[in-house]
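What follows is calculated from the coordinates using simple rules that are stated; it is not laboratory data. Given the structure is predicted, the values throughout are model-derived calculations rather than measurements. Cβ coordinates were reconstructed from backbone atoms using ideal geometry, including for glycine residues, and neighbour counts include every protein chain displayed.
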Number of protein chains: 2
Amino acid sequence: MQSQLRKFKAAIFQALSHPTRIAIVEILSEGEMSAGAILERLAVEQANASQHLAVLRASHIVVNRKEGNQVFYSLKNHRLVDVLSLMRLYFMEELNESVEMLAEINQQSTGSAPKTDS
Amino acid sequence: MQSQLRKFKAAIFQALSHPTRIAIVEILSEGEMSAGAILERLAVEQANASQHLAVLRASHIVVNRKEGNQVFYSLKNHRLVDVLSLMRLYFMEELNESVEMLAEINQQSTGSAPKTDS
DNA sequence: ATAGCATATTCGTTATTTCGAATATATGAT
DNA sequence: ATCATATATTCGAAATAACGAATATGCTAT
C-alpha cells in the first residue's frame, strides 16, 4: 500500500529527473502543443526530444493525440505543475539560506565590507 | 537562469527517484532520527541504507549531526514534505481516473454488473 | 507511385545507478 | 590495548539511462 505509493512517487520523480523533461512539462503547462512546436523550444536533437517524450508517455505524465501529420501532446494532469511550482519555491528557499549563510560569514570575518576577495 | 532552475529540480527529483529514499524522507518528516533507527524501518541492508543516505546528503536534502557513536539525520527543509504530499494527491487523482474509466467500460459492455470476468 | 514532411524507433556507445559483500573508520566500554 | 557497536566507503557486477546517427513509419501532396 504505502510501498506502492512510494514506488509510484519514485517512478514519477524518475520520469522528471531530467532538465529536458522538466522543460517539456513546463512548456505543456501552457497547453496542448505539437511535438514539432515543443522541439522548437528545446535546443536538442529531434530524436532526443522524441525519446524524452516517450519517457513522459510511458509514465503517463503526458498524453498524445494524432492529427494528420502531427502529434499533439498535453499534460494528463495539471497537478504536476503545482509540484513544479513548489519545487521552485524550494529552490528559492535553499538559495536564500545559502545567501544568508554567506552574508554571515562575511560579517564575522570582516565586521562588514561584503567584498568578493579573501 | 531558467535552465539552472530546471537542472536543480531535475537533480532533486533524481535524488528522490528511489522508493527507499522517498521512505527515508517521509520517515524524517517526523523529526530527527539516527541512521540506525532509520535502518530499522527500511528492510534493506545497512550498506544500502547508508548509500541512500549518502545520495540524500549529496543533494543536501538531509543534514546530519554526529553524537558519539551515532549519526542523526534530519530534513534540511520540510518543504519537500509538501512536495511528497502533493504527489500523494496526484496519485489519488490518477487512481481515481483509472477507476472511473474502468467503471465506464463495465457499464458500456454489460449495462451494469461489475464482475471480474470477461 | 513517388516524394516530402513530422515523428518515432532502433542501435551502439558511454555513463550512471543499484546492490551486497567486504572492509574501513570512529567512538565507547572493558 | 582490545573489542564491540554504529556507520560509511570501496569494489565489482548487473541493470538502466542518455545521446546522436541512422532508419523506420505514417501522412499528405503531387
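Once the chain from residue A:98 to residue A:11 is taken as fully extended at 0.36 nm per residue, the excess over their C-alpha distance is 28.3 nm. Would you kindly work out, in nm and rounded to one decimal, the distances from the label point of residue A:79 to those of the same position in each other copy, ordered shortest first, with label points 7 Å along Cα-to-Cβ? Output for residue A:79: 2.2 nm, nearest copy listed first. Placing a label point 7 Å from the Cα of residue A:98 along the Cα-to-Cβ direction, the distances to the matching points in the other copies come to 3.7 nm, shortest first. The residues packed around residue B:41, meaning those with a beta-carbon under 12 Å from its beta-carbon, carry a net charge of -3 if Lys and Arg are +1 and Asp and Glu are -1.
Basic side chains Lys and Arg get +1 at the Cβ, acidic Asp and Glu get -1 at the Cβ, and with that the dipole of the protein assembly as shown about its Cα centre reaches some 400 debye. Mean per-residue shielding of peptide B:2-8 is 6, counting Cβ atoms of other chains within 10 Å of each Cβ.
How crowded by other chains is B:18-25, given as the mean number of beta carbons from other chains within 10 Å of each beta carbon?
Numbers: counts 6, 10, 2, 3, 9, 5, 0, 2.
What the average comes to for B:18-25 is 5.
For residue B:109, inter-copy separations between label points set 7 Å beyond Cα along the Cβ vector come to 7.0 nm, shortest first. Computed over chain B with a Gaussian network model linking Cα atoms closer than 10 Å, the most mobile of B:23, B:103, B:35 is B:103.
Using a Förster distance of 41 Å, how high is the FRET efficiency between residue A:110 and residue B:69, based on the Cβ-Cβ distance and rounded to 0.05? Write out the running numbers ahead of the final one.
On the way: r = 39 Å, r/R0 = 0.95.
E(calc), rounded to 0.05, equals 0.60.
The phi torsions of the stretch A:43-58, fed into the Karplus equation with coefficients 6.51, -1.76 and 1.60 and a -60° offset, translate into couplings of 6, 9, 4, 4, 4, 5, 4, 5, 5, 5, 4, 5, 5, 5, 5, 4 Hz, rounded to whole numbers, with Gly and Pro shown as x. The residues neighbouring residue B:8, those whose beta-carbon lies less than 15 Å from its own, together hold a net charge of +3 under the Lys/Arg +1, Asp/Glu -1 convention.
If you keep only loop residues by DSSP, which GluC sites (Glu not before Pro) in the stretch B:16-85 have at most 14 other Cβ atoms within 10 Å of their Cβ? Don't skip to the end; give the middle numbers.
Values: sites: B:26, B:30, B:32, B:40, B:45, B:67; in loops: B:30, B:32, B:45.
Passing both the DSSP loop test and the Cβ count: B:30, B:32, B:45.
Only aspartates and glutamates eight or more places from residue B:66 in sequence, or on another chain, were considered; those with a Cα closer than 15 Å are B:32.
The Rg/Rh ratio for chain A is 1.19, where Rg is the radius of gyration of the alpha carbons and Rh is the Kirkwood radius. Each residue of the stretch B:72-86 is assigned a 3J(HN,Hα), and the resulting list reads 9, 10, 8, 5, 6, 9, 6, 3, 5, 5, 4, 4, 5, 5, 4 Hz, derived from the Karplus form 6.51 cos²θ - 1.76 cosθ + 1.60 (θ = phi - 60°), x at Gly and Pro.
Global dimensions of the protein assembly as shown from alpha-carbon coordinates: Rg and Dmax equal 21.8, 80 Å.
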